[in-house]
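A short worksheet on the structure shown next.
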Amino acid sequence: MKPFRLLMAGAAMVMLAAGGGAWWWLSGPEQDDILPTPPEPPRLVDSPEYERCLQMLDDDPEGARTLSDNWAMQGGGEGAAHCAALAMLSLGEAERAAEALERIATRSQAGIAARAAVFGQAGTAWIASGRPMRAHAALTLALALTPADAELLTERAMASLALDRPADALADVDQVVVVEPSLTQAWIVRASALRRMDRLPPAAESVTRALQLDGDNVEALLERGIIRQAQGNAAGARTDWERVIELEPDGATADLAAQNMALIEAGPAQ
């Protein structure tokens, strides 16, 4: 299961004056936002109704919810419940989705990998609802089943940062970058954790690795700007944040970049 890059399409307001924070996963989604679903949801059951429902999640989450509800009344069981929970998450009902996903993962008779992935989805939903402690717990359960899963480790590191535990986050992503050095998100999280521990040179090295993998990654550019500003390079920071706004003008990451630029303009007193 891949992380949801846009789960933070709300009002994450941790800016430079507060140390930069865990900037893309701290707040929950606005109720009107439709959240993306995992590209490859784990398969708990094998049925055409399940496949059809999962395929509807990206483009028609309301339709997926209706289908799963109807299927549940006809005995759809675990597959119907899982699709319904993912539809809730896509429609912004993150806390309800998280609770449902945890129940499914706990009770499921599916294989270990599928149960781990559903616990991971529950963790993602808890992050989206602004409950990083619950997210961390769910992701720890997922990792108890599949300890070496790089993306689950990265997501738990995100939850650790949201709990202001950068050393824990670093411990997780340090494992990831050894076994999955091409995972851009892990390098970004590593950079943020190191920065929050006031280890700016290795933080800069990590975000450079992220941008070598994906030069237009707006989260990496936002983080590099924060690091550059902390190193006294306001011009470089502004260049990065302007690029974020150019690449994703209507996104939450661009809002944070604009706010950070405004803080620079306001001066040290702000």
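None of the figures in this text is laboratory data; all of them are computed from the coordinates on show. In this text, all values refer to a predicted model and were calculated from it rather than measured experimentally. As a convention, Cβ positions derive from the backbone with ideal geometry for all residues, glycine included, and neighbour counts pool all protein chains shown.
With viscosity set to 1.567 mPa s at 4 °C, what whole-number translational diffusion coefficient in µm²/s follows for segment 149-212 from Stokes-Einstein and a Kirkwood radius over Cα pairs? Please list the in-between numbers first.
Working: Rh = 11.0 Å.
Rounded, D is 118 µm²/s.
Note down the net charge around Asp149, summing +1 for each Lys or Arg and -1 for each Asp or Glu among other residues with Cβ under 10 Å from its Cβ.
Values: positive: Arg156; negative: Glu151, Glu155, Glu180.
Around Asp149, the surrounding residues sum to -2.
So how do 203-211, 175-183 stack up, highest first, on mean other-Cβ count within 10 Å? Spell out each step's value before the answer.
Values: 203-211: 21.4, 175-183: 15.7.
Averaged packing, sorted descending, gives the order 203-211, 175-183.
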